Structure formats: C-alpha cells, structure tokens
Amino acid sequence: MYRKTLALITLACAQPAGAAVDPGRIAKASPDRIALDTADTPAPSFDCVAASSTVETLICSDAELAALDIRLADRFTAAVTAAEGLDAGADEATATLRAYQRGWISGRDDCWKSDDLRACVKAEYLRREGQLVAEWMLEQPVRMQDYTCGDNAANVVSVFYFDTALPAVRLEYGDGIDVGSLGPAGAGHYDASFGRSFTDGGDTASLVWTEGEPQDCVPAD
C-alpha cells in the first residue's frame, strides 16, 4: 500500500542578504503600473492587480502559464486535503506542505535570472505538479515496480510511475520516500532531491540514494 508522509523538504522563504533584486518588484512600487490580465488570458490563481514580480507579471499575460498556475493551485488544494486527512501528524504535514509551497513560489520567482524566463517558469510548474502528484498520490500510478539493488534480494526500492505532464516517480526505499521528475536528458532518468536519482533502463536500473553512491538494480520477480 502507499505511504503518505510529511513533505520531504522545508524550504527557507526569506530573501538572503545581498541577493539580487527582481526588477519586477521594484516596478511594482510605481503607482502607474497596471495589471496585465486581459480578456484573452485566463486569470491565474493569484490577483494580477497585485502581481509583484517579473514572473507573476509574465504569468498574467501568458494564457498557457496562467492555465498551468490554475492547474497547480488545484493540485496543491488536493494535496492539502490529503495532508489534513492523515490519521497522524496532519497538522505538521499540512504546515510543512504549505511552507514547501511558499519556498517553491520563491524559487519560481527566481526564474527572472534565467536566460529564458518563460521556459524556466513553465518547467518549474511542470516539475512541481509532478512532485505533488507523486508525493501525495493524487492520481493512480500508471505502473509500480519493485527493484532489487546491489545483488541483495532484501535491498529493494519500490518505484511508482506517474503520467503527469512532466513524468514523475515516487521512490520508496527503506524508511524513506522521495519523488523525482524526468530530467532534461530523458531516457528514463529521474532527478529527485539531495542528489538522489533513479534511472530506468528497462531490464536494468540505477538508484542513487546517497549522493555519489550509485547502485545497480534489476526488476524484482
């Protein structure tokens, strides 16, 4: 059966001292600034009149990104409902999930530093959607496979595959759970957190649970 746990990472949301400042936030101070929300662009989950960053301004003017924002907001609401419904640790799980989401928004807004702002924002939304779906089992996985690693029948990683817009996996290994997103290289390689990764090569696989220590794995019988 699936296991639902607390969010794996709590991200700090504070702006570090000396960090670069998003010029979009400076522009927000101008009283002449107007919202970019139009009849041709669906409203995202936040108020475009109060958009305070370059990324939020872009989303308000881009129909695809606005739609992704709405979809992610729905996923987040479903994840909060799942966290609140836990038999134990619901309050902590919900608080951690909300803190992680605030951290993700901060990271998304850092896309203003990217050479391709729009591509960065879109990738952040797709990756976060897959993370929420895989961590909180918001959809049924399309496949589940156990793999034995390191020629040890007791050394098993359970992998749940999710057919989200950016494919994602849930990795259950020992007492730990992590989620990964299909990496830019594709070819069955999923990047998780803390340097962890999983690569599905069909008849073989590779798991990195401790950074720098890959394990060769094979599908369990």
State which residue is farthest from residue 72 (Cα to Cα) when the search covers only the stretch 149-166 and only residues that are more than 11 Å from the chain's Cα centre (by Cα) and in a loop (DSSP other than H, G, I, E, B). 151
So residue 153 ticks every box in (1) within 30 Å of residue 203 (Cα to Cα); (2) of a type outside the set (S, T, N, Q); (3) open to solvent by less than 40 Å² (accessible area, probe 1.4 Å) but one. Which box is left unticked? (3)
Picking from 140, 131, which residue would you name as being of a type in the set (S, T, N, Q) and not in a helix (DSSP H, G or I)? 140
Just to be sure before I move on: is residue 92 open to solvent by 70 Å² or more (accessible area, probe 1.4 Å), farther than 25 Å from residue 221 by Cα, assigned to a helix (DSSP H, G or I) and touching a residue at least 60 places away in the same chain (Cβ under 8 Å) in the structure I sent? yes
Could you list, in sequence order, the residues of the stretch 170-191 that are hydrophobic (A, V, I, L, M, F, W, C) and open to solvent by 60 Å² or more (accessible area, probe 1.4 Å)? 185, 187
I'd like to check something: does the stretch 197-210 contain any residue that is within 14 Å of residue 134 (Cβ to Cβ), in contact with a Gly (Cβ under 8 Å, 6 or more places away or on another chain), touching a residue at least 12 places away in the same chain (Cβ under 8 Å) and open to solvent by 30 Å² or more (accessible area, probe 1.4 Å)? no
Out of (1) open to solvent by 60 Å² or more (accessible area, probe 1.4 Å); (2) within 23 Å of residue 133 (Cα to Cα); (3) assigned to a strand (DSSP E or B), what's the single condition that is false for residue 194? (3)
Name the residue, out of 73, 93, 82, that is under 17 Å from residue 133 (Cβ atoms) and in contact with a Phe, Trp or Tyr (Cβ under 6 Å, 6 or more places away or on another chain). 82
One residue is enough: does the stretch 117-125 have a residue meeting the conditions open to solvent by less than 20 Å² (accessible area, probe 1.4 Å) and either small (Gly, Ala, Ser) or part of a helix (DSSP H, G or I) (or both)? yes
Residue set 197, 181; condition among the polar types (S, T, N, Q) and out of contact with any helix residue (DSSP H, G or I) (no Cβ under 6 Å at 6 or more places or on another chain); output residue 197
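Could you please give the count of residues in the stretch 163-187 that are at pLDDT 95 or above and small (Gly, Ala, Ser)?
Residues meeting the conditions: 6.
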Return the residues of the stretch 53-88 that are crowded, with 16+ Cβ neighbours inside 10 Å, without any contact (Cβ under 8 Å) to a residue 40 or more places away in the chain and outside any helix (DSSP H, G or I); say none if nothing qualifies. 61
Against the condition touching a strand residue (DSSP E or B) at 6+ places or on another chain (Cβ under 9 Å), closer than 20 Å to residue 45 by Cβ and open to solvent by 60 Å² or more (accessible area, probe 1.4 Å), how does residue 143 come out, does it pass? no
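The values are calculated or read from the model by the stated rules, or taken from the named source; none is laboratory data. Because the structure is a prediction, the values reported are computed rather than measured. Every residue, glycine among them, receives a Cβ derived from its backbone with ideal geometry; neighbour counts consider all protein chains shown. Accessible surface areas use protein heavy atoms only, side chains included; no ligands, DNA or RNA. Shrake-Rupley method; radii C 1.70, N 1.55, O 1.52, S 1.80 Å.
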